[in-house]
Amino acid sequence: MQAFDYQTPKTVADAVSAGAQEDARYIAGGQTLLQSMKLGLLAPSAVIDLSGIAELQGICRDGDALVIGAATTHAEVAASPDVKALIPALADLAGHIGDRQVRHRGTLGGSLANNDPAACYPAAVLGLGATVHTNQRKIAADDFFLGVYTTALNEGEVITAVSFPIPTKAGWQKFKQPASRFSLVGVFVSQGPAGVRVAVTGAGSGGVFRAGELEAKLAADYSAAALVGATVSAADLNSDLHASAEYRAALIPVLAARAVG
């Protein structure tokens with residue numbers, strides 16, 4: 001790795017100011033950025049560490065929503081009594097991301113900003129109809145994910161928190177790639193203020209997406225039985241050395257039914 005300037009701002013405003021310099025990159029847990037730098041894929045002139053900013057951390061209930069700071073680690077989400085009580089499926093999801101080292105370094109905001117097409121958190125955010133808060137605005141989940149490694153974030157925009165509507169019911173099922181522990185297919189299902197939502201990660205060629213055909217069936221009958229015989233088109237799904245598009249298509253309704261329970 002080449003030399004770079006390392007900065008540790010204490011406020012979001014200072015971080016935004018520091019990030020305005022040419023070729024600067026933000027780092028939260030570093031689970032993606034550091035690997036890219038080691039491989040020579042990225043060579044930032046400055047790395048702006050967000051992990052020490054207090055206003056980006058913490059978990060609390062705010063009315064009918066659970067608000068989680070962007071710099072909160074996966075391990076903190078998984079262990080939180082509030083998350084376990086209000087959205088246990090989200091705690092379960094966070095507790096099975098990567099390995100223990102990844103969970104203690106990786107953050108909610110970092111995962112969302114990177115928007116890896118096989119990451120777990122995007123499925124929870126989209127599947128719960130959450131809202132992404134930034135230093136500039138609030139972005140609905142349906143408007144946030146624009147494609148593989150692509151989001152609605154603008155230059156100089158930093159995720160500060162995510163507010164999750166507290167669902168009546170929610171479930172998460174993940175068929176993992178055993179080496180990376182990313183989702184070969186992951187499905188998050190919920191019933192709540194945002195209606196019935198089914199979000200799929202790891203399968204779509206354009207990243208995380210909602211399975212409308214499964215949502216319609218569950219809206220009529222929120223039960224695993226409602227998904228018996230349900231199918232998902234393989235047309236826009238991934239095929240790779242791990243699984244074909246057809247295999248992923250077959251997995252999605254199976255995992256959705258298990259998530260419903």
Being farther than 25 Å from SER233 by Cβ, surrounded by 24 or more Cβ atoms within 10 Å (Cβ to Cβ) and either in contact with a helix residue (DSSP H, G or I) (Cβ under 8 Å, 6 or more places away or on another chain) or touching a residue at least 24 places away in the same chain (Cβ under 8 Å) (or both) is the requirement here; does ALA141 meet it?
no
Identify all residues within segment 182-206 that are part of a loop (DSSP other than H, G, I, E, B), touching a helix residue (DSSP H, G or I) at 6+ places or on another chain (Cβ under 8 Å) and farther than 19 Å from THR231 by Cα; write none if there are none.
ALA194
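Across segment 66-90, what is the number of residues that are in contact (Cβ under 8 Å) with a residue 24 or more places away in the chain and crowded, with 18+ Cβ neighbours inside 10 Å? Spell out how you get there, then give the answer.
Step one: filter segment 66-90 for residues in contact (Cβ under 8 Å) with a residue 24 or more places away in the chain, giving 66-75, 77-78, 83, 86-90.
So of that shortlist, the ones also crowded, with 18+ Cβ neighbours inside 10 Å come out as 66-75, 77-78, 83, 86-87, 89-90.
Residues in segment 66-90 being in contact (Cβ under 8 Å) with a residue 24 or more places away in the chain and crowded, with 18+ Cβ neighbours inside 10 Å: 17 in total.
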Considering segment 16-36, residues that are over 19 Å from GLN101 (Cβ atoms) and in contact with a helix residue (DSSP H, G or I) (Cβ under 9 Å, 6 or more places away or on another chain), and then whichever is surrounded by the most Cβ atoms within 10 Å (Cβ to Cβ), we arrive at TYR26
In segment 91-134, residue surrounded by the most Cβ atoms within 10 Å (Cβ to Cβ) [restricted to those that are charged (D, E, K, R) and part of a helix (DSSP H, G or I)]:
ARG103
Only one residue in PHE188, PHE144 is assigned by TED's automatic domain parsing to the domain that holds ALA219, among the hydrophobic types (A, V, I, L, M, F, W, C) and at pLDDT 95 or above. Which one?
PHE188
Can you tell me which residue in segment 37-54 is modelled with the highest pLDDT, limited to those that are under 21 Å from HIS104 (Cα atoms) and loosely packed, with under 15 Cβ neighbours inside 10 Å?
ALA54
Only residues that are under 19 Å from GLN173 (Cα atoms) and in contact with a strand residue (DSSP E or B) (Cβ under 8 Å, 6 or more places away or on another chain): list them for segment 89-108, please.
ALA89, LEU90, ASP92, LEU93, HIS96, ARG103, LEU108
Of the numbered conditions (1) part of a loop (DSSP other than H, G, I, E, B); (2) under 19 Å from GLY127 (Cα atoms), LEU41 fails exactly one; give the number of that condition.
(2)
Tally the residues that are among the aliphatic types (A, V, I, L, M), modelled with pLDDT of 95 or more, more than 17 Å from LEU112 (Cβ to Cβ) and in a loop (DSSP other than H, G, I, E, B), restricting the search to segment 147-181.
1
Only one residue in ALA79, ALA75, ALA54, ALA70 is farther than 25 Å from THR11 by Cα and aliphatic (A, V, I, L, M). Which one?
ALA79
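The values are calculated or read from the model by the stated rules, or taken from the named source; none is laboratory data. If you're wondering where the values come from, they're calculated on a predicted model, not measured in any experiment. We place every Cβ from the backbone using ideal geometry, glycine too, and count neighbours over all the protein chains shown.
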